[in-house]
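This report refers to the structure that appears directly beneath it.
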Amino acid sequence: MKLKERTGVKIAAVITSYIAVVFLVLSVISIGVMGYYKFYFSSETVVKEEILTDMAASESNYIVNLMSWGRDLTKYYNDKNLFFVITDANSGEVLQTNYNGEPYMVTASTEHIIYDERYFEADDGDLVYESVEKGRTKIEVYVPKSMTKSDMFSVMAQIIAISYSMRYAMVFIVLISAAATITLLSYLYCAAGHREGGVIMCNAMDKVPFDIMTAMVGVIFTFSIAMLSDMASERALLLIAVFILGTVDYFTALGYTMSFATRVKTGTLFKNTVIYRLLVLIGKGLKKLLRFIKYVISGIPFLYKWILFCILLVPLIIVVTGFDIFVFEYISEALGVLLIIPEAVIALTALIYIISVFGKIKDGGERISAGAVDYKIDTRYMFGDFKHFAESLNNISAGLQNAVQKKMKSERFKTELITNVSHDIKTPLTSIINYVDLIKKEEIKNETAVKYIGVLDRQSSRLKKLVEDLVEASKASTGNLTVNLSECDIGVLLMQTIGEFEERLERSDIKPVLNTPENSVKVMADGRYLWRVFDNLMNNICKYAQPGTRAYLDVYEEGGRVIITFRNISECELNISADELMERFVKGDASRNTEGSGLGLSIARSLVELQGGRMELNIDGDLFKAIIIFSKKQE
Amino acid sequence: MYNILICDDEKDIVNALKIYLEAEGYNTFCAYNGNEAVSIIKENEVHLVLLDIMMPECDGISAMVKLREFSNIPVILLTAKSEDTDKILGLNVGADDYITKPFNPLEVTARVRSQLRRYIKLGGSSRKESDECITIGAIELNDNAKRVTVDGEEVNLTPTEYEILKLLMLNEGTVLSPKEIYRRVWNDTAYAAEGTVAVHIRHLREKIEINPAEPRYLKVVWAHGYKIEGEKSK
């Protein structure tokens with residue numbers, strides 16, 4: 001078991017510390033007294049003579065008292081080591097003595113004036129007091145060298161002798177007792193609160209609220225000081241009282257400080273006070289009140305809440321303004337003006353805060369609506385309805401983000417599915433195409449069969465085109481293509497396109513007309529995909545344009561944008577809207593059963609959008625117009 | 001008489017290819033997976049392989065790798081995958097050409113002919129390089145005789161087409177814009193007349209390429225111009 005957990009050791013330490021403190025106090029006092037009487041600077045004889053001279057001087061004064069009381073001096077000093085000589089100061093006549101002339105150690109003298117006191121009636125009738133010197137006596141006292149009798153002087157001489165011999169030992173005692181006191185007190189403070197098994201616990205005394213305990217200790221101390229000051233006149237009692245009260249105060253202080261140590265260790269110093277408990281109670285009450293107010297406010301609809309807020313604001317403004325006017329008018333104009341500054345700062349801060357919070361919410365709302373679904377409004381410094389509003393916006397953006405991610409996932413899945421399925425379709429399709437071709441090479445006499453084979457040939461080619469377009473369309477619309485943007489010369493590309501289609505256009509009897517500006521027009525695009533776009537549009541022109549007409553291909557710049565248009569006259573009536581035409585699998589005329597998948601325009605639009613451009617269709621009667629818009633390449 | 005191995009897990013496709021190739025006068029072997037193909041090539045003299053990529057057991061790519069360990073005969077890959085990455089992978093492991101399904105029979109026979117001619121007739125023997133003769137891949141241009149051959153077969157070109165081809169071949173790998181081509185071939189800077197360059201290039205491609213839509217040599221760099229490039233795999 002550890003030393004600080006043993007109760008017996010603690011009690012022993014308490015008692016020993018008491019003894020050490022008593023020793024310490026006494027030795028310090030005696031050192032102080034000895035220091036006062038120069039024990040450490042003079043020889044024993046000098047010290048002794050000085051102290052005994054003081055005593056003899058007070059004794060000579062005492063003789064005056066004895067004389068006035070009419071005591072027999074010879075008898076009184078018979079058993080004392082003191083001789084006296086009383087002479088008339090004026091005549092020098094010896095009035096009384098017991099001095100036999102033996103050698104003395106110290107001497108002292110005093111003069112006593114004897115007054116004659118009387119009262120007489122003055123001329124005005126008042127009673128007047130008058131004292132007249134009647135005579136002077138000189139009192140001399142001698143303390144003999146050899147003190148044969150036992151009295152105050154002999155005892156004092158012995159005390160001085162002993163003290164003088166112990167004057168350095170006393171310093172040693174002070175040091176020892178101080179060390180012992182410090183050690184024991186340190187141990188006691190360390191051990192305070194420690195119990196068997198290594199736990200730190202409060203005892204009954206430590207459970208008393210600390211502020212009450214402090215007050216009690218204060219009462220005890222005040223009481224003992226009052227007692228001592230009451231007894232100041234009675235020396236003998238005072239000594240006993242000092243001892244008893246000192247003992248009581250010592251143990252009180254020790255208990256108090258040990259309890260303090262325990263409380264610090266257990267962390268109950270502040271918690272276990274009446275003040276703390278009161279504060280906690282008040283805090284709880286306030287919290288409940290606040291919760292209640294909050295509850296009431298939350299029940300009020302939004303509009304009424306703010307109306308109530310504004311109504312409450314009015315008296316506040318009135319009171320503050322009134323106070324300002326009062327100060328300005330009746331106290332000091334300068335002070336009144338000074339008061340307005342903090343008020344204005346508070347009002348402005350509140351206003352700026354509200355505006356900035358509102359701005360943040362507005363900004364966030366705009367961003368989210370513009371498509372930044374992962375944007376989050378910072379709600380850290382917002383409160384109340386502002387916070388609710390911002391959080392709902394954030395939730396909307398989170399929901400949107402989720403939806404977008406899901407959509408992207410499903411689109412990617414769709415593309416994968418289409419790609420895989422089309423691979424699987426391609427293999428049997430290869431066989432079909434090849435064997436149709438082989439049949440065509442056979443000599444078949446039946447003309448109907450030849451006609452049917454023609455249908456098979458045409459339709460299998462169409463199926464091939466459809467499968468290829470399907471893969472491309474799904475990839476383009478989901479952005480599942482790697483686009484390498486570089487500077488592209490639109491004029492060159494249009495020229496190349498027309499070159500590629502020259503023969504087909506001739507076959508369809510369509511004359512292409514290309515209008516390009518003199519200087520080259522450049523945009524940021526991927527040449528391969530832009531060619532696929534033009535390819536699809538030109539394919540449409542070859543298929544659907546009225547033979548014998550012209551197709552216009554224009555490119556021009558307009559306000560930082562590059563606009564490319566493909567215009568042609570449709571062969572058939574276009575009884576369909578531009579939007580519908582752009583949908584997948586829609587063809588200009590449902591009844592027309594020509595080649596093509598109906599995916600061309602959709603692929604073209606997706607590819608243009610992938611490259612950061614825009615594609616629009618415009619139908620005006622029979623005039624079909626495809627418009628591609630890119631932003632101009634920044635120089 | 002050349003021996004051609006056709007390897008595809010689809011029997012009908014193998015059969016159809018067999019009919020076409022035998023009509024062209026080739027001998028054929030048939031295999032239905034990669035392992036069969038490798039063992040047939042080990043046991044017989046095979047001059048060319050048509051190899052499908054997606055097959056059970058041993059696919060085309062693994063068969064390619066095994067085959068290249070002991071033989072350098074031309075291999076043409078048949079694939080349903082049309083992505084560029086698949087084509088590049090095939091060429092990287094040692095294929096000489098590829099054909100995407102569904103294919104045109106005429107294209108297959110043309111590519112077979114081209115690969116065989118280069119392997120048997122031209123392969124191995126080093127070519128005489130002279131000032132008059134420019135060779136890129138299978139295209140050979142003899143400036144003295146004004147003669148152009150592709151895979152050893154003579155091609156009839158108009159004088160303009162010939163000049164364009166010569167210009168592009170002299171600048172192998174460089175992209176020339178239509179304007180530049182027009183200026184250097186016609187020796188003129190006539191405005192908007194360079195549109196005719198595209199038409200001539202189209203015709204040229206139809207004459208020298210097996211599949212003008214997917215040219216081997218005369219490439220269209222869309223929105224920039226044209227260039228001639230040798231096959232990267234060789």
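The values are calculated or read from the model by the stated rules, or taken from the named source; none is laboratory data. Keep in mind the model is a prediction, meaning the values are calculated, not measured. Positions of Cβ are generated from backbone atoms using ideal geometry, with glycine treated the same way; all protein chains shown enter the neighbour counts. What goes into the accessible areas is simple: the full protein's heavy atoms, side chains included, and nothing from ligands, DNA or RNA. Shrake-Rupley method; radii C 1.70, N 1.55, O 1.52, S 1.80 Å.
Data for the structure
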read-out: Per-region count, region A:374-392, residues open to solvent by less than 90 Å² (accessible area, probe 1.4 Å), not in a helix (DSSP H, G or I) and not charged (D, E, K, R); value: 4
read-out: Residue in region A:341-351 that is surrounded by 11 or more Cβ atoms within 10 Å (Cβ to Cβ), out of contact with any Ser or Thr (no Cβ under 7 Å at 6 or more places or on another chain) and of a type in the set (S, T, Y) present; value: no
read-out: Qualifying residues in region B:84-98 (those that are in contact (Cβ under 8 Å) with a residue 24 or more places away in the chain and either facing chain A (nearest Cβ under 10 Å) or hydrophobic (A, V, I, L, M, F, W, C) (or both)) - the one most open to solvent (accessible area, probe 1.4 Å); value: B:L89
read-out: Search result, residues across region A:321-334 that are touching a helix residue (DSSP H, G or I) at 6+ places or on another chain (Cβ under 6 Å) and of a type in the set (A, V, I, L, M, F, W, C); value: A:V327, A:F328
read-out: Yes/no for A:I425 being β-branched (V, I, T), over 30 Å from A:S477 (Cβ atoms), out of contact with any strand residue (DSSP E or B) (no Cβ under 7 Å at 6 or more places or on another chain) and at pLDDT 85 or above; value: no
read-out: Odd one out for A:K475, checked against (1) open to solvent by less than 20 Å² (accessible area, probe 1.4 Å); (2) closer than 30 Å to A:D424 by Cβ; (3) within 11 Å of chain B (Cβ to nearest Cβ); (4) not acidic (D, E); value: (1)
read-out: Residue in region A:423-432 that is charged (D, E, K, R) and within 14 Å of chain B (Cβ to nearest Cβ) present; value: yes
read-out: Filter pass, A:E117 being outside any loop (DSSP other than H, G, I, E, B) and either open to solvent by 40 Å² or more (accessible area, probe 1.4 Å) or over 17 Å from A:L66 (Cα atoms) (or both); value: yes
read-out: Tally of residues being of a type in the set (A, V, I, L, M), at pLDDT below 85 and in contact with an Asp or Glu (Cβ under 7 Å, 6 or more places away or on another chain) across region A:290-344; value: 2
read-out: Residue in region A:546-565 that is in a helix (DSSP H, G or I), in contact with a Gly (Cβ under 8 Å, 6 or more places away or on another chain) and either at pLDDT below 90 or closer than 20 Å to B:V221 by Cβ (or both) present; value: no
read-out: Odd one out for A:K465 among (1) basic (K, R); (2) touching a residue at least 60 places away in the same chain (Cβ under 8 Å); (3) part of a loop (DSSP other than H, G, I, E, B); value: (3)
read-out: Sole exception among (1) within 30 Å of B:K81 (Cα to Cα); (2) not in a helix (DSSP H, G or I) for A:G371, by number; value: (1)
read-out: Entirely in region B:1-77, the strands (runs of 3 or more DSSP E) that have 2 or more residues that are crowded, with 17+ Cβ neighbours inside 10 Å, within 14 Å of chain A (Cβ to nearest Cβ) and in contact (Cβ under 8 Å) with a residue 60 or more places away in the chain; value: none
read-out: Check on A:E500, farther than 21 Å from A:A604 by Cα, within 11 Å of chain B (Cβ to nearest Cβ) and not hydrophobic (A, V, I, L, M, F, W, C); value: no
read-out: Residue among A:I569, A:I576 that alone is part of a loop (DSSP other than H, G, I, E, B), open to solvent by 30 Å² or more (accessible area, probe 1.4 Å) and farther than 29 Å from B:E180 by Cβ; value: A:I576
read-out: Residue that is open to solvent by 70 Å² or more (accessible area, probe 1.4 Å), modelled with pLDDT of 85 or more and in a helix (DSSP H, G or I), where the choices are A:N420, A:N395, A:N434; value: A:N395
read-out: Scan of region A:441-472 for residues that are surrounded by fewer than 17 Cβ atoms within 10 Å (Cβ to Cβ) and of a type in the set (S, T, N, Q), ordered by number; value: A:N446, A:T448, A:Q459, A:S461
read-out: Hits in region A:142-175 - residues which are free of Cβ contacts under 8 Å to residues at least 60 places away in the same chain and either surrounded by 13 or more Cβ atoms within 10 Å (Cβ to Cβ) or more than 30 Å from A:V85 (Cβ to Cβ) (or both); value: A:I162, A:S165, A:M166, A:Y168, A:A169, A:F172, A:L175
read-out: Out of B:I210, B:I120, sole residue that is modelled with pLDDT under 90, away from every other protein chain (no Cβ under 12 Å), under 30 Å from B:E45 (Cα atoms) and in a helix (DSSP H, G or I); value: B:I120
read-out: Those residues of region A:288-340 which are in contact (Cβ under 8 Å) with a residue 12 or more places away in the chain and exposed (fewer than 10 other Cβ atoms within 10 Å of the Cβ), in sequence order; value: A:F302
read-out: Failed item in (1) more than 12 Å from chain B (Cβ to nearest Cβ); (2) in contact with a strand residue (DSSP E or B) (Cβ under 6 Å, 6 or more places away or on another chain), with A:V483 passing the rest; value: (2)
read-out: Selection within region A:13-69 - in contact with a helix residue (DSSP H, G or I) (Cβ under 8 Å, 6 or more places away or on another chain) and exposed (fewer than 14 other Cβ atoms within 10 Å of the Cβ); value: A:K38, A:Y40
read-out: Candidate set from region A:530-562 (those that are more than 17 Å from A:I603 (Cβ to Cβ) and buried (at least 19 other Cβ atoms within 10 Å of the Cβ)); member that is farthest from the chain's Cα centre (by Cα); value: A:A545
read-out: Sole residue being crowded, with 16+ Cβ neighbours inside 10 Å and either of a type in the set (F, W, Y) or more than 9 Å from chain B (Cβ to nearest Cβ) (or both), chosen from A:V513, A:V521, A:V492; value: A:V521
read-out: Positions within region A:1-55 being outside any helix (DSSP H, G or I) and basic (K, R), in sequence order; value: A:K2, A:R6, A:K38
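Quick grid of which residues meet (1) surrounded by 15 or more Cβ atoms within 10 Å (Cβ to Cβ); (2) within 30 Å of B:P105 (Cβ to Cβ); (3) within 14 Å of chain A (Cβ to nearest Cβ):
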{"residue": "B:V150", "(1), (2), (3)": "yes, yes, no"}
{"residue": "B:E161", "(1), (2), (3)": "yes, yes, yes"}
{"residue": "B:K166", "(1), (2), (3)": "yes, no, no"}
{"residue": "B:P178", "(1), (2), (3)": "yes, no, yes"}
{"residue": "B:V199", "(1), (2), (3)": "yes, yes, yes"}
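Residue by residue, here is whether (1) closer than 26 Å to A:Q158 by Cα; (2) at pLDDT 85 or above; (3) out of contact with any Gly (no Cβ under 8 Å at 6 or more places or on another chain) holds:
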residue	(1), (2), (3)
A:K48	yes, yes, yes
A:D54	yes, yes, yes
A:I63	yes, yes, yes
A:S68	no, no, yes
A:L95	no, no, yes
A:G101	yes, no, yes
A:Y104	yes, yes, yes
